[in-house]
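A.B. asks: Just passing along the structure, written as structure tokens.
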Amino acid sequence: MTTRAKTAAAKQSETNVTDVADMVKEAASKVESITADAQKTVTEQFDKVSKSFEGMTAFGQENLDAIVKSSEIAAKAAEGIGSEISTFSKKSFEDGVAAAQDLAAAKTMTELFEKQTAFAQSAFEGWIHQATKMNEIYVSAAKEITAPLGARVNAASDAMKSYNL
């Protein structure tokens, strides 16, 4: 091989080595870029997942708070209902005792029947009035008890509508 051929071969070999080195540098650069992008994507996704878990935890806590609030409202409503029933029962008993005394004081059968009819009518009207009042109390209590839970159902529905992957 001549000197010229050796020089050309050396230059060719040097060019090949330079090309290979450049390709290795380019490949390393691409790998670093891909790794950086992957790390960035994983970090972003991890942050999203963390925020989702935090959101789910907060949502669960809000649900629990709504249940507690509904339970407190229900307990107060039950107390009010019990008090109302007790008051009505006491009044009914007192009215019954007073009617029995009044009936015992009747001097004729006609007077007895008139007093008994008046008492029966009064007792029936009182019962109807109390039934209406209790119905209003129950409806009001049901609305108040379900309000916090209804708000959480609406929040869940809104969250599901806005949910995306």
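A.B. asks: Computed from these coordinates, which is Rg/Rh (Cα atoms, Kirkwood Rh): (1) 0.97; (2) 1.03; (3) 1.74?
C.D. replies: Here the calculated entry is (3).
A.B. asks: Would you give the gap between the C-alpha center of segment 118-157 and the C-alpha center of segment 82-106, rounded to a whole Å?
C.D. replies: When both Cα centres are located, 24 Å separates them.
A.B. asks: Which FRET efficiency value, to the nearest 0.05, do you get for S50 and T18 by plugging their Cβ-Cβ distance into 1/(1 + (r/R0)^6) with R0 = 45 Å? Can you show the working numbers first?
C.D. replies: Values: r = 47 Å, r/R0 = 1.05.
The calculated FRET efficiency here is 0.45.
A.B. asks: Follow-up question, since we're still on this one. Rounded to whole Hz and in sequence order, give me ³J(HN,Hα) for segment 54-61 from the Karplus expression 6.51 cos²θ - 1.76 cosθ + 1.60, θ = phi - 60°, writing x for Gly and Pro.
C.D. replies: Karplus-based 3J(HN,Hα) across segment 54-61 equals 4, x, 5, 5, 4, 4, x, 5 Hz.
A.B. asks: Mind scanning K76/K133; K51/K161; K48/K69; K91/K133 and naming the pairs with a C-alpha gap bigger than 20 Å? Mind showing how you got there, number by number?
C.D. replies: Details: K76/K133 17 Å; K51/K161 18 Å; K48/K69 31 Å; K91/K133 15 Å.
Over 20 Å apart, Cα to Cα: K48/K69.
A.B. asks: How do 27-40, 59-72 rank on mean C-beta neighbours within 10 Å, highest first?
C.D. replies: Most protected by this proxy first, the peptides run 59-72, 27-40.
A.B. asks: Here's another thing I want to ask about it. Taking 0.36 nm per intervening residue step and subtracting the Cα-Cα distance, what contour gain separates S29 from A75 on full extension?
C.D. replies: The span from S29 to A75 would gain 9.7 nm if fully extended.
Laboratory data are not the source of any read-out in this text; all were calculated from the coordinates shown. What you are looking at is a predicted structure, and each value in this text was computed from that prediction instead of being measured. In this analysis, Cβ positions are derived from the backbone assuming ideal geometry, glycine residues included, and neighbour counts consider all displayed protein chains.
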